[in-house]
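Shown next, in structure tokens, is the structure this report addresses.
The values are calculated or read from the model by the stated rules, or taken from the named source; none is laboratory data. Treat the numbers as computed from the prediction; the structure is a model and nothing was measured. For neighbour counting, all protein chains shown are included, and Cβ atoms are generated from backbone atoms with ideal geometry for every residue, glycine included. Keep in mind that these areas ignore ligands, DNA and RNA; they rest on the heavy atoms of the full protein, side chains included. Shrake-Rupley method; radii C 1.70, N 1.55, O 1.52, S 1.80 Å.
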Amino acid sequence: MKKILIYITLLILVGCAEKQEYEQAVVEQMKQEKDIKDYKIEPEEMAKCVVQTTANNMPGLFTADPTRLNAYKNYTKMLKLNSSSDPKKTLEELRTDFGDAKKLADAHANYTESVLNCMSGLVTSDEKELVK
């Protein structure tokens, strides 16, 4: 019984670490986005929304699910592609990591749609605050 509890605890801790690393990569991306600066959206707030929204369409059932952990790793690697020392090699690795080029494209589309949805939601909520 103790071994099972230890395993579950380790899975949760690893899951949280993978999710935090992904969230940090999203924060770094948001700090570079001109629209985020123009609309005065906090990068950290935007990142939380993007991570939550992308997770809804990631494989795996919950944060500590090994499939979800792998998805967090792959999404993080995808976001860091441009800063890679060998982007071409990293792109090939991503295709393999995601399964194929279509799944990589689907993941990128999931991320992009999440960014747009979150930006729209945050801008709209800010506008509603101003009207009050």
(message) If you take every residue apart from residue 115 with its C-beta less than 11 Å away from the C-beta of residue 115, what net charge results, scoring Lys and Arg +1 and Asp and Glu -1?
(response) -3
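Please list 23-35, 93-105, 69-81 highest first by mean number of surrounding beta-carbon atoms within 10 Å per residue. Mind dumping the intermediate values first?
Values: 23-35: 16.2, 93-105: 14.6, 69-81: 18.5.
Highest mean packing first, the order is 69-81, 23-35, 93-105.
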(message) Give me the percent of accessible area attributable to carbon and sulfur for segment 36-102, probe 1.4 angstrom.
(response) 51 percent
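Over 25 Å between C-alpha atoms is what I'm after, so list which of 31/102; 40/102; 48/80; 31/77; 19/103 land there.
On the way: 31/102 28 Å; 40/102 34 Å; 48/80 18 Å; 31/77 17 Å; 19/103 20 Å.
Long pairs (Cα-Cα over 25 Å): 31/102; 40/102.
Averaged per residue, what accessible surface does segment 11-129 expose to a 1.4 Å probe, in Å²?
Result: 60 Å² per residue.
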